[in-house]
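The values are calculated or read from the model by the stated rules, or taken from the named source; none is laboratory data. These numbers come from a predicted model, not from an experiment. Cβ sites come from the backbone with ideal geometry, for glycine too, and all protein chains shown count toward neighbours. Side chains included, ligands, DNA and RNA excluded: accessible areas come from the protein's heavy atoms. Shrake-Rupley method; radii C 1.70, N 1.55, O 1.52, S 1.80 Å.
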Amino acid sequence: MIETNTPSMLDRTEPAHCTVCCCTLANKILMVVFMLLLILATLFGNLVTLAVVFGTKVFHTPQGYLKASLAVADLAVGIFVVPLSVYAEIHLMVTESGPEWTLYNSQSVSFHPCNIIGPIFAGCTFVSITTIFLLTIERSIAVLRPLHKDSVITRKRTTILIVLSWVGSFSLAVSPMVFSREIALEYNSCSRMCNYALGTIGEFPTQAWNILLLFPAFDFTLLGGTVVINIISLSSIRQHSKRRKTLAESECQSSSNPTFSDIKAAKTIGTLTVAFTASFNPIAVFVVGNVLGNEWCNFSFFAFWILATNSCWNVIIYSVRDQKFRLRAHKLFMPGHRQNTITTKTQKTEEH
């Protein structure tokens, strides 16, 4: 989301970077195919998540609302962010030159698509991080304080937190342009995405430096807190599992212990945290290297698009880890097959 090397966008005579994704026609075609598949996977996966959450009463819970918020943020990436890159790359292949707006940053033209798409990508990334943090908090309370779960975690409070996370995330996403004249948005020829950049060539302004540092500071703080809370919750789950093996069955099912459903959900959120942290790490490395003066053109492409692919991982994790989610999704999209399976099993039982 941050790019500090901008002369290539300000000088039209300078050729575009030849990255590993677009040096040959075959690579360009593969890149566009990858982007199109990512759009389809993101749209399908997150629409399935929303259909399951809103179409099933058992998912009308604080955790379900948070998963729906995460799905909406991922859906926005598939609807707005990736299609703009597809359009720019197809235009480049067909006409051998990118659209006019890719040659300038947002300070050089009256309207620039990246003024909208850049903050959407940044804002949705922040929403995802915040939502995963809230999911982790919700699960940790269910595991560590099961008796207080229903009184502390309510749907009204969760809805308020979701609204605040969206407002705060997008306020942070637009803050660089609001508080600094040096920061602009551009379609970067390395990442093939809309990135934040310096609008003027020269020494890095102190004010712009401080504002851009808000992004990694926010990300690392929330991700670090999420990891710590997950470790505490998973440690508690491990201790609970050991006690369950040694105590009698009646004692294990005491109301003071977390339910099997809560434990399973906590592990799912832990997996989700690991996946998002892994997809965000390349961006973190790139930002640090970029601040130190390294352009890392090829690496920036992979870093940004690894982060973008995270938008379609959530539904895969839910399907693998959550049996209720998997069964509901199967019932929604393959009702006839499920009914035939049940009928066949019934017939076999009667024959025996």
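In terms of the Cα gyration tensor, with a ≥ b ≥ c the square roots of its eigenvalues, is segment 84-198 rounded because a/c is under 1.5, prolate because a/b exceeds b/c, or oblate? Taking the square roots of the gyration eigenvalues as a ≥ b ≥ c, segment 84-198 is prolate. Based on protein heavy atoms only, segment 39-150 ends up with 39 Å² per residue of surface accessible to a 1.4 Å probe. Spin-label model, residue 242 to residue 33: label points 7 Å out along the Cα-to-beta-carbon direction sit 5.1 nm apart.
Computed on segment 14-148, with alpha-carbon pairs under 8 angstrom and 6+ residues apart, the relative contact order is 24 percent.
Over 27 Å between C-alpha atoms is what I'm after, so list which of 149/267; 57/242; 242/264; 156/331 land there. Where the Cα-Cα span goes over 27 Å, the pairs concerned are 57/242; 156/331.
Contour minus end-to-end for residue 91 and residue 260, with contour as 0.36 nm per residue of separation and end-to-end as the Cα-Cα distance? Working shown, then result.
Working: separation 169, 0.36 × 169 = 60.84 nm, distance 5.24 nm.
Fully extending the segment from residue 91 to residue 260 adds 55.6 nm.
Residue separation of residue 316 and residue 60 scaled by 0.36 nm, minus their Cα-Cα distance, works out to 90.1 nm of gained length.
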